[in-house]
């Protein structure tokens, strides 16, 4: 936890470094609240779509309302606590009715993450050729002076594709996977291999939706709808910010969207700092938008889904009577 808090502090420091807050405040004062209202509707739509997709991954063992509530609880916990414990906590919440094992629910979250990253990489690949300055920046800037950001992004894409194929392979041949794992445990002379095979079986069950062509198609369609709506809310925020973001466009919105996704991958609590840094730098290098104005845009783009997710989580906890403490504690011991 200490390490994650250090990451969060570092991300926030980097995002705020060199920012003229008077310029940010002046920009935020010009926001068009009509477009903010449109954005709120679109953000809620993305939450519903996430719930509908997750429900399919869970084998439809939850109602849409329960899945939506658990999505909110996950956002609430991840938004205020480090180490992204919201994901295991919502997996625990899905298991409380006894219809699904928490490890099974957790593996469905892994599928969500891979599918989302694959979509983001595809959007990046489609838009980057139209932003040559940003493409040049990613090709020349390096991580620790060794690997360029461009190659790092390519590696992320290849990993996402590989993981998705791996999950599909596990879904198609679960018995074979478990048999291989038994042989491996036996070869390693692990005592009481059945103790380990049971959680492996529960994890494998979380990929079962990928076994069905109909469910796989539904997951794909919900994912496309989800990210199309997400792109629309980034565009709506850009229109709300057009008083200080000149020449608002779908291209700028898409670049901000995929940049924010990579920012959220950094282990900072709620993506605070990392989200803002990634978006402001993408808009600066891609379109010449000053870092102050890019930061102001990022503040709105982050605040709306962040606050709505937390609000939905609070309402879900009140409605369901779940204990936040219990969910967090059981989330930390989900493999037991």
Stokes-Einstein, Kirkwood over Cα pairs, segment 220-293, 4 °C, 1.567 mPa s; D in µm²/s equals 102 µm²/s
Taking Cα atoms, the helix 274-287 axis meets the longest principal axis of the chain at an angle in degrees (rounded to 10) of 50 degrees
Most exposed first, judged by fewest Cβ atoms within 10 angstrom, 17, 90, 242 run 17, 242, 90
Sorted on mean Cβ neighbours within 10 Å (highest first), peptides 62-72, 253-263, 116-126 come out as 253-263, 62-72, 116-126
By the C-alpha gyration tensor axes a ≥ b ≥ c (rounded if a/c is under 1.5, else prolate when a/b exceeds b/c, else oblate), the shape of segment 159-259 is prolate
Counted neighbours (other Cβ, 10 Å), sorted fewest up, put 111, 147, 80, 177 in the order 147, 80, 177, 111
Here FRET efficiency (C-beta to C-beta, residue 152 to residue 63, R₀ 56 Å, nearest 0.05) is 0.90
If each part is reduced to its alpha-carbon centroid, segment 183-199 and segment 156-180 end up apart, in Å, by 20 Å
To the nearest 0.05, the calculated FRET efficiency linking residue 318 and residue 113 through their beta-carbon distance, R0 being 41 Å, is 0.90
Expressed in angstrom and rounded, the centroid-to-centroid distance over alpha carbons for segment 116-132 and segment 255-272 is 15 Å
Most exposed to least, judged by fewest other Cβ atoms within 10 Å, 276, 101 sort to 101, 276
The equivalent-ellipsoid semi-axes of segment 104-213, taken as the square roots of five times the Cα gyration tensor eigenvalues and listed largest first in whole Å, are 37, 18, 10
Taking Cα atoms, the helix 174-187 axis meets the longest principal axis of the chain at an angle in degrees (rounded to 10) of 70 degrees
GNM of the chain, Cα pairs under 10 angstrom: of 132, 193, 88, the biggest fluctuation goes to 193
Placing each pseudo-label 7 Å from Cα in the direction of the beta carbon, residue 217 and residue 239 end up separated by a distance in nanometres of 3.3 nm
Helix 193-205: inclination vs the chain longest Cα principal axis, degrees, rounded to 10, gives 50 degrees
hull vol. (C-alpha, convex hull) per residue for the chain, Å³ -> 150 Å³
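Only the coordinates and a few stated rules stand behind these numbers; no lab work does. Worth saying up front: this structure is predicted, and the values here are computed from it rather than measured. Please note: Cβ atoms are built from the backbone with ideal geometry, for glycine as well, and neighbour counts cover all protein chains shown.
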